[in-house]
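The values are calculated or read from the model by the stated rules, or taken from the named source; none is laboratory data. All of these numbers come straight from a predicted model, not from anything done at the bench. Here Cβ is always computed from backbone atoms with ideal geometry, including for glycine, and neighbour counts include all displayed protein chains.
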Amino acid sequence: MGDRPVDVTTYYETTHLRPNCTPDGLRPLFCSDNGTCDPYYDRVKNVKVWRGSNLPAIRLERAIKGFSSGAFFDNLWPKHTRAGDMLSKDPKDKSDRTRSSGYYVFADSTTSFMILIGVFFPSAT
């Protein structure tokens, strides 16, 4: 959804319903019964073309795309995530579990890809 991946697996495990990756399909994940919705969901639900991608803001994407798709380089931005930070490609989009509603994906440890490659990989080989 926009720059943020959505955790539909947790929603499915909780409700046994598999939502469609459409604004109406994701509404139960981000809106309460009284009609108030997550602010980010409200901003992106009607966006037809997301930042020059020719794709809508709410879309279904493969989780594991493969190296030739360019996903490796898309995710190689120089930023560190802290445990509890929401994953987003937009560096200005800072939020954490305590300030967000809905089924977003959060970092479970403090690291970055460069730390993984530069520190962990050489020590494990």
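Tally the residues that are under 15 Å from the mean Cα position of the chain (by Cα) and not polar (S, T, N, Q), restricting the search to the range 8-22.
Count: 3.
Only one of these is within 26 Å of Asp108 (Cα to Cα), surrounded by 13 or more Cβ atoms within 10 Å (Cβ to Cβ) and under 16 Å from the mean Cα position of the chain (by Cα): Pro28, Pro5. Name it.
Details: Pro28 fails: under 16 Å from the mean Cα position of the chain (by Cα).
On inspection, the qualifying residue turns out to be Pro5.
Please work out if Pro28 is modelled with pLDDT of 90 or more and under 22 Å from Lys89 (Cβ atoms). Walk me through how you get there before you give the answer.
Working: modelled with pLDDT of 90 or more: yes; under 22 Å from Lys89 (Cβ atoms): no.
Criteria not met by Pro28.
Hey, Lys94 hits all of (1) at pLDDT 70 or above; (2) within 13 Å of the chain's Cα centre (by Cα) but one; which does it fall short on?
Against the list (1) at pLDDT 70 or above; (2) within 13 Å of the chain's Cα centre (by Cα), Lys94 comes up short only on (1).
What number goes with the only condition from (1) modelled with pLDDT of 85 or more; (2) assigned to a helix (DSSP H, G or I) that Pro56 does not pass?
(2)
Quick test of your reading of the structure: Arg62 fulfils all but one of (1) closer than 24 Å to Tyr11 by Cα; (2) over 12 Å from the mean Cα position of the chain (by Cα); (3) modelled with pLDDT of 70 or more; (4) surrounded by 11 or more Cβ atoms within 10 Å (Cβ to Cβ). Name the failing condition by number.
Among (1) closer than 24 Å to Tyr11 by Cα; (2) over 12 Å from the mean Cα position of the chain (by Cα); (3) modelled with pLDDT of 70 or more; (4) surrounded by 11 or more Cβ atoms within 10 Å (Cβ to Cβ), the lone unmet condition for Arg62 is (4).
Look at Pro23 and say whether it is touching a Lys or Arg at 6+ places or on another chain (Cβ under 7 Å), surrounded by 10 or more Cβ atoms within 10 Å (Cβ to Cβ) and at pLDDT 90 or above. Outline the logic, then answer.
Values: touching a Lys or Arg at 6+ places or on another chain (Cβ under 7 Å): yes; surrounded by 10 or more Cβ atoms within 10 Å (Cβ to Cβ): yes; at pLDDT 90 or above: yes.
Here the answer is yes, as Pro23 does meet what is asked.
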